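The values are calculated or read from the model by the stated rules, or taken from the named source; none is laboratory data. Just so it is clear, the model here is predicted, and its values are computed rather than measured. Note: ideal-geometry Cβ built from the backbone for every residue, glycine included; neighbour counts use all protein chains shown.
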Amino acid sequence: MPELPEVETIRTGLEPQLVGRTFARVEIDDPRLTRPHDPREVAAELEGETVEALGRRGKYLVVRFVSGRALLIHLRMTGGLLLGASRLPADDPYRRAVVRLDNGSDVAYRDVRRFGTWLLLEPGELDPYLEARVGAEPLGRGLTARRLAEPIARRRAPLKAIVLDQRLFAGVGNIYADEALWWARLHPLRPANEVSPDELAELVRGVRRALRLGPEKRHVPCARPHTVAQLPGRVEADELHGHPDPPAQLATDVGRDAAGLGRHGGDEKKVSVIDTHPELPGRGQLGSHCRSDVGRHGGGR
């Protein structure tokens, strides 16, 4: 799933192509993309809108229009934005929408698993919508251990579930939650209300460090086709982040199970220990195996 660093990379790649451009024609072929709203009605409303800015909040891409409206795009599991729809086959079954711009270029939205969403908001609706769902940006000044102390002290949920809570750590998903816990040296199953103030401060630092390394590395493990083609940040499948200090600590699917998110397909074995693999020089893949890699990277699989 694209997380904050990947969505930010997509934003910076698309920004110069979209800002100042007008949506000349919009085709939305998948009704799930805009449900419960009719995709034809949403497409018609988008036509003629001029892009004022392209922003990001958490995992959301925020297309702000001159009219005051905003289009919220959430890529979910496998959504992707591709500059140049002509590069896709005409019968591509995963192309869900195409936006043709006033300069003749176009942007295609492609989604294999169809979990992504487009939501058109009227003027004044954007901020209340995001405030109810998305917390402080982890790389900004708003996220501090002091501000997190009170809400976390009331929760016995596992730390992994806390880090995945978008109202607390906006934009952090499974991969970077695992990375953050690795950097903070905190077990993903540990109850959140048992964490000391110093450990909470380490967790905040771990989240920031993990997210900052994402854009620097320009790749993520188990990549899905969610990046903009021919732009910085292109992801190649099966690339892995690398920690400089082996051995790697693997908690495999502990965090996902603790958060109630389920296991990756096909493997019914639940792992509830941290394994040390001296043969793995890479970063701790705390639960970040993808389907094709199950069984390849150790972790008791």
Worksheet, complete the sentence: Being among the small types (G, A, S) and either at pLDDT below 95 or outside the structural domain of A210 (by TED's automatic domain parsing) (or both) narrows G171, G140 down to just G140
Discussion item. Looking for something at pLDDT 95 or above, surrounded by 22 or more Cβ atoms within 10 Å (Cβ to Cβ) and either in contact with an Asp or Glu (Cβ under 7 Å, 6 or more places away or on another chain) or part of a loop (DSSP other than H, G, I, E, B) (or both) - is there at least one such residue anywhere in segment 148-167?
Written reply: no
Worksheet, complete the sentence: Those residues of segment 168-209 which are hydrophobic (A, V, I, L, M, F, W, C), free of Cβ contacts under 8 Å to residues at least 60 places away in the same chain and either part of a helix (DSSP H, G or I) or under 23 Å from Y60 (Cα atoms) (or both) amount to L168, F169, A180, W183, A184, A192, L200, A201, L203
Worksheet entry | Residues of segment 73-118 classified as farther than 26 Å from L130 by Cβ and of a type in the set (D, E, K, R), total | 7
